[in-house]
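S.K.: Okay, here's the structure, questions in a sec.
Read-outs: derived from the displayed coordinates by stated rules, not from any lab. Only a predicted model underlies this, so the values are computations on that prediction, with no experimental measurement involved. Cβ: placed from backbone, ideal geometry, glycine included. Neighbour counts: every protein chain shown.
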């Protein structure tokens, strides 16, 4: 019996690379540091035994959210603010004029990682709904929101198609703003508008292609804090499973009542969907043991069909590139525990099968 296990994405960058980026480094020296970080990340990822890896998002400019638009000349720094429970905020750029275009596409990161990897590589991309927050509420003269959305969907489709065409094992859409949307608008209207927008993008892909596309949701992860862990999953998950994708990656290890969440997932999970439940918590400094992970997988198996169950990490380990609260060593130790614990649970469940 095999239970699939996959990572989410980011791994803490080497301190030397973080320092160089913060100093505004450029040119051959910075390229050397990026290349070394990717090679090292791929090697360490594979050493965990993970059957699927990422490049650790080592080259994503600044963070998982704005990598594709960082440096756009038609933006300013006064965009949407994300408040975290630790007391700090992160801020998105704001679009100041049209048209909207990506500066870079995630398939460029995938291409490099696949040169070094010996196992399948997945690629995370940001959701259209997250980037929709760049458009100002007051509008942009001469560039309507409808025109912006058309451009946004076109850019997202291009990025995902490029990743699929270049051999990504999965393309994971990061939808961390889903739970935050409920916090910002308890009526659910904002969340539903995000679901509708993302489904417009997904409708551009065939059913077969959508089986290689997944969605990740979590309450945020930055400096050992979250932005929306206080929001009840019951207000999110029924809508989340309306997304037309094959895989869902759901943060669960850090939840105070995992069984309650599993029961909600069981109620809304559709037959053609697989759910990867989080079994390690990146913002918890303690490294889980494989035995703990095994117990969490067995717990999930009591509520979810085995044929639709997988495991993952609750979130990336460093979605924002300057976050040094988790070391690379801790991140890979947690991943190793996930891989070993998932295999242990699969062996138990296989032995228990009739």
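S.K.: Report the relative contact order of segment 294-348, percent, no decimals, based on alpha-carbon pairs under 8 angstrom and at least 6 residues apart. Mind dumping the intermediate values first?
M.R.: Working: 21 pairs, mean separation 31.9, N = 55.
The normalised contact order for segment 294-348 reaches 58 percent.
S.K.: Here's another thing I want to ask about it. If you take every DSSP beta bridge whose two residues both sit in segment 69-215, what share of them, in percent to the nearest 5, is antiparallel?
M.R.: 45 percent
S.K.: Please state the relative contact order of segment 20-76 as a whole percent: Cα pairs under 8 Å, 6+ residues apart?
M.R.: Values: 24 pairs, mean separation 13.0, N = 57.
Relative contact order, segment 20-76: 23 percent.
S.K.: So what are the three principal axis dimensions of the chain from its Cα atoms, in whole Å, longest to shortest?
M.R.: 65, 48, 41
S.K.: Regarding segment 1-125, what's the average projected area of the Cα-atom convex hull, expressed in nm²?
M.R.: For segment 1-125, the mean projected area of the Cα convex hull comes to 10.1 nm².
S.K.: If r is the Cβ-Cβ distance from residue 88 to residue 286 and R0 is 22 Å, what FRET efficiency results, to the nearest 0.05?
M.R.: Values: r = 23 Å, r/R0 = 1.03.
About 0.45, to the nearest 0.05.
S.K.: Same structure again: Kindly give Rg over Rh for segment 103-248, based on alpha-carbon atoms, with the Kirkwood expression for the hydrodynamic radius.
M.R.: Values: Rg = 15.9 Å, Rh = 16.2 Å.
For segment 103-248, the value is 0.98.
S.K.: First check a/c for segment 200-354, with a ≥ b ≥ c the square roots of the eigenvalues of its C-alpha gyration tensor; if it is under 1.5, answer rounded, and if not, answer prolate when a/b is larger than b/c or oblate otherwise.
M.R.: Oblate, since a/c reaches 1.5 and b/c is not below a/b.
S.K.: Turning to a different aspect of this structure: Rounded to the nearest 500, what is the chain's calculated 222 nm mean residue ellipticity when only DSSP H runs of at least 4 contribute -39500 (n - 2.57) each, over all residues?
M.R.: It comes out at -12500 deg cm²/dmol, rounded to the nearest 500.
S.K.: Please compute the contact order of segment 15-352 in relative form: average sequence separation of alpha-carbon pairs under 8 Å and at least six residues apart, divided by the residue count, as a percent. Spell out each step's value before the answer.
M.R.: Details: 584 pairs, mean separation 51.2, N = 338.
RCO, segment 15-352: 15 percent.
S.K.: To continue, here is another question. Among 127, 206, 108, which one shows the highest mean-square fluctuation when the chain is modelled as a Gaussian network with alpha-carbon springs under 10 Å?
M.R.: Among 127, 206, 108, the largest GNM mean-square fluctuation belongs to 206.
S.K.: Moving on to the next point. Give me the percent of DSSP beta bridges within the chain that run antiparallel, rounded to the nearest 5.
M.R.: Expressed as a percentage, antiparallel bridges in the chain total about 25.
S.K.: Now for a different question. Any chance you could list P(r) for segment 162-285, counting all Cα-Cα pairs in 10 angstrom bins from zero, rounded to whole %?
M.R.: Computed distribution, short to long bins: 12, 44, 34, 9, 0.
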